[in-house]
Amino acid sequence: MSVRHAVPPVLRRPLAALLGRWSGGRRAGPAVAVVPVAPPDPLWVREEQLRARLPGIVRYGERLAAQRGDLLPGGCRDENLAEVADVLGAAGIGHGIVPDGRARHRLAIAPGDRAAVLAALAGALRGQVVYAELLEHGRGLGTVLAEQLVAAVAAVEAAPEGPEPEPAEVPDRVKGVRVYRPGLVGTVLHGPEYGCDVEFWDSAAPSPGAIAAIDSTPYGWWVPSLEATATTRIAGRSYPVVEAFTGAFPDDVDFPVDAVITWVDDTDPHWRRRRAEACEQLAGGAALVDTGDQRYRNRDELRYLLRSIAAHTPWIRHVHLVTDDQVPHWLDTDRPGLTVVPHRELFAGTGAPPVFNSHAIETRLHRIPGLAEHFLYLNDDMLIGRPLAPQAFFLGNGLPRFFPGSRVIPPGDRLPGGADPAESVYVAAQINTRATLAAAVGRTYPGTLKHAPYPLRRSVLAKACERFAAELAATTRSPFRAATDLAPITLATHFAHATGRAVEGQLVDGYFVTDSAEDLARLPDLHRARWADVFCLADGGREDVPAADQQHAIAAFLREYFPVPSPFERRPA
């Protein structure tokens, strides 16, 4: 008999109510530690003046923020860059983008122009809720309103740095400022992590050129000139680029990357009827088969997966949604950048019956019309947790990274004793895959892959499906996951590694089983800290948490974590 654990209160209330409140009682916000500042503090006093005067401004934790209903992280980053560039351009101050493969924008300022930049930013941004974090090499020196920059930098430079300072020998400490206009979307704050870094480079005298003051560049720390002779386009706008950084570097991912998503809606009565008919035809079958409901449960994750892609991987060129003739009512299939791919088209000419088996579908992904050579394959329970560059998934030379999981499948061919069918079928498929690959390449891969986005190359997946066509034939025609299956993505990924076509990578991932009270109670911390690059909300069969409570907790969490609709959602009429 299963034991049902007490459902913690965290699962019975809306997520927003669990995460603290921001001032004025306007709306719930995350549990950000609020450090009260005494009213005489000049920054606090000025912030309160601005909050009283400007519409749509709230206090959120220690800072003010503008309420924005449609702001994505990438848009926030680009807006901060545009605002700083406009100020510098209006003041006639030279500047240039320094691309280095990181998410934030960097602007290089020539030696001697620091005072002019500070004055221009302070003057142009006076009376606005724009902050500037003072930067020293390797650390921050504090945050002020941008209008306070001149006085704040002067105060830092005048303050003694050590017990016995030698002012004549101490160089300027403030080597840059990170400028940002905080935006609040629901309970999600876009703050300094999306700011624009304005870097005050040092003179290399008596040598020519300048030296980076905060972070290195693709050429190290020194460049012969900061002259910006070329341009680059960001969010539809041209910006000057420092001459040394024009062209492509080895780490640059300058090829298109698509996304492939597999999804079904288990509430669709037509789909349920087809699945029931397929189950009836299994009667008397010899193979151990997994027909469990948890593999198909739809909690509207697809909506939020698409939101996570729009928010955190906007460089995805095109999304291919693989479905069983199903389209959610909210999905706008006419939007550019999205194609719905029915199962029947992928399996045309194979003689395969209707499939409810992700392994079978994976043997056909390389046949998706128009699919880019490089793509991410995602199940609908995988979500992108924070902004990631394409370099997180691919090398600049095109090699995909793969992400080994922590689970090891023991040697031999024995299935786990007493396990449920889903576990036995999973392990059996991994054992079959390991043995098939070892026989072909002479290497044994005992570990599994993380349940996270799988970076793949179309040509390599096609090569693996061709190389192991005989072994995969039964999997392609298996309507449900079976103990005779191979795991095609694991097979193709490890085959790519064994043949020099993939390299190991690392992602910070989170794995949450949705019927685990312990795992669901961890979700507010994930929402607050945003510590995961990617995370999975996996269905389970434990019965720890009633289905209604699971649905409530997951729905509340997803709404709060991804509040901005993706371009693929229908807008209200």
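The values are calculated or read from the model by the stated rules, or taken from the named source; none is laboratory data. A quick note: this is a predicted structure, and the numbers were derived from the prediction, not measured. Cβ atoms come from the backbone with ideal geometry, glycine included; neighbour counts cover every protein chain shown. When the accessible area is computed, the model is the full protein with side chains, heavy atoms only, and any ligands, DNA or RNA have been set aside. Shrake-Rupley method; radii C 1.70, N 1.55, O 1.52, S 1.80 Å.
Odds and ends about this structure:
- The charge dipole of segment 320-373, taken about its Cα centre with unit charges on the Cβ of Lys, Arg, Asp and Glu (plus for the first two, minus for the last two), comes to roughly 120 debye.
- The overall shape of segment 458-542, judged from the alpha-carbon gyration tensor, is oblate: a/c is not under 1.5, and a/b is no greater than b/c.
- Angle of helix 301-312 to the longest C-alpha principal axis of the chain, folded into 0 to 90 degrees and rounded to 10: 30°.
- On Cα atoms only, tilt of 269-280 relative to the major axis of the chain in degrees: 40
- By DSSP, the beta bridges lying fully in segment 231-365 are antiparallel in about 30 percent of cases.
- When the Cα positions of PRO256, PRO111, PRO342 are compared along the charge dipole of the chain, PRO342 comes out farthest toward the positive end, with charges on each C-beta of Lys, Arg, Asp and Glu.
- Relative contact order of the chain, pairs being alpha-carbon contacts under 8 Å that are 6 or more residues apart, as %: 16
- The chain - share of DSSP beta bridges that are antiparallel (%, nearest 5): 60
- All other residues whose Cβ lies under 13 angstrom from that of LEU507 are scored, Lys and Arg at +1 and Asp and Glu at -1, for a net of 0.
- Segment 425-484 shape via C-alpha gyration tensor axes, a/c threshold 1.5: rounded
- Charge dipole (the chain, unit charges on Cβ, about Cα centre) - positive-most of THR323, PRO354, LEU306: PRO354
- Chymotrypsin sites (Phe, Trp or Tyr not before Pro) lying in DSSP loop within segment 507-544, provided at most 13 other Cβ fall within 10 Å: TRP531
- When nucleic acids and ligands are ignored and a 1.4 Å probe is applied, PHE249 ends up with an accessible area of around 50 Å².
- Candidates PRO208, PRO218, ALA235 compared by Cα position along the dipole of segment 203-254: farthest toward the positive end lies ALA235, with charges placed on Cβ.
- Acute angle (nearest 10 degrees) that the helix 547-561 long axis makes with the longest principal axis of the chain, alpha-carbon atoms: 30
- Lys, Arg +1 and Asp, Glu -1 on Cβ, resulting dipole of segment 451-532 about Cα centre, debye, nearest 20: 440
- Cα centroid separation, segment 443-499 to segment 74-121: 47 Å.
- Dipole magnitude of the chain about its Cα centre (Cβ charges: Lys, Arg +1; Asp, Glu -1), debye to nearest 20: 1160
- Mean residue ellipticity (222 nm) of the chain, computed from DSSP H runs ≥ 4 via -39,500 (n - 2.57), nearest 500: -8500 deg cm²/dmol
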